[in-house]
Amino acid sequence: MQIIQAGMEHCDNLLELNKTLHLDIPKFKWDTGEYITEEISKGGCYIAKDTIRGKDKFLGSISMKSYGNKGCIDKLIVDKNYQGKGVGKSLVNFAIDWSKARGKNELLIESFCQYNVAGFYKNCGFEQDKGLIYYQGTPFYCFSMKI
Ligand SMILES: CC(C)(COP(=O)(O)OP(=O)(O)OC[C@H]1O[C@@H](n2cnc3c(N)ncnc32)[C@H](O)[C@@H]1OP(=O)(O)O)[C@@H](O)C(=O)NCCC(=O)NCCS
């Protein structure tokens, strides 16, 4: 598996992958073409790909942001056909390396409670912050890890 920086040519692949994220909540924006185009143009969007029977397969994606001394995973998705095979953990390890390479000492991720993936982040070494934060009335968890 390779993790490469996403370009505009990956827009359709990302639109497809990001469908996995969709939640029926007010102002959900993370699966829209506008959001995806913007995140690619900012340069922090990466795709995990593999060659299977001679064809490129896009297994998942991760978007990274930077806040002072902290790296932040803005979005993490693994295609449902490839979940449970270690792709998500490899993308988190990529985020750790990405953040360390930029001099960060902490990695953050926020996740809507409805995704029910706290166990995944704890398994990857994150600690869950106390309390919840709300986006347009929808609760999400915050996780952090010293790196
Ligand atoms: C959450 C997600 C990124 C995990 O990726 P993945 O490739 O399926 O996970 P991995 O195979 O790397 O799992 C790593 C470990 O976490 C565990 N794990 C995975 N998903 C889990 C979950 N939902 N709850 C608890 N543990 C989980 C695995 O069992 C594995 O444990 P092991 O190392 O002891 O074998 C992926 O399921 C996904 O994209 N889900 C849909 C979109 C989503 O919810 N994204 C998160 C938005 S913030």
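Spatially, region 89-126 and region 1-35 are offset by 18 Å when compared through their Cα centroids. Taken as entire DSSP H runs, the helices of the chain that both span 20 Å or more between Cα atoms along their own long axis and average -0.5 or more on the Kyte-Doolittle scale are 87-101. Under a 5 Å amide H cut-off, with hydrogens placed 1.01 Å from N, E106 pairs with G71, I147 among residues at least 5 apart or on other chains.
The slack between Y135 and I52, meaning 0.36 nm per residue of separation minus the straight C-alpha distance, is 26.0 nm. For D12 and S66, what does the FRET efficiency come to when R0 = 25 Å and r is the distance between their Cβ atoms, rounded to the nearest 0.05? The value I calculate is 0.40.
In terms of distances greater than 31 angstrom between alpha carbons, the cross-link table entries K49/K130; K29/K57; K65/K85; K27/K100 yield K49/K130; K27/K100. Exposure proxy ranking for T138, T51, based on other Cβ atoms within 10 angstrom of each Cβ and starting from the fewest, stands as T51, T138.
With the cut-off at under 19 Å, measuring from each backbone N in region 121-147 to a point 7 Å along the Cα-to-Cβ line of K89 picks out 121-128, 144-147. Here, the chain is characterised by an Rg to Rh ratio of 0.94, where Rg is the alpha-carbon radius of gyration and Rh the Kirkwood radius. Counting beta carbons within 10 Å around each of M64, M1 and listing the fewest first gives the order M1, M64. Where Rh is the Kirkwood radius over the Cα pairs of region 5-55, the temperature 37 °C and the viscosity 0.692 mPa s, what D in µm²/s does Stokes-Einstein return? Answer from the Stokes-Einstein relation: 276 µm²/s.
A short reminder: the numbers here are calculations on the coordinates, not readings from a lab. The structure displayed is predicted, hence computed values, not measured ones. Cβ atoms come from the backbone with ideal geometry, glycine included; neighbour counts cover every protein chain shown.
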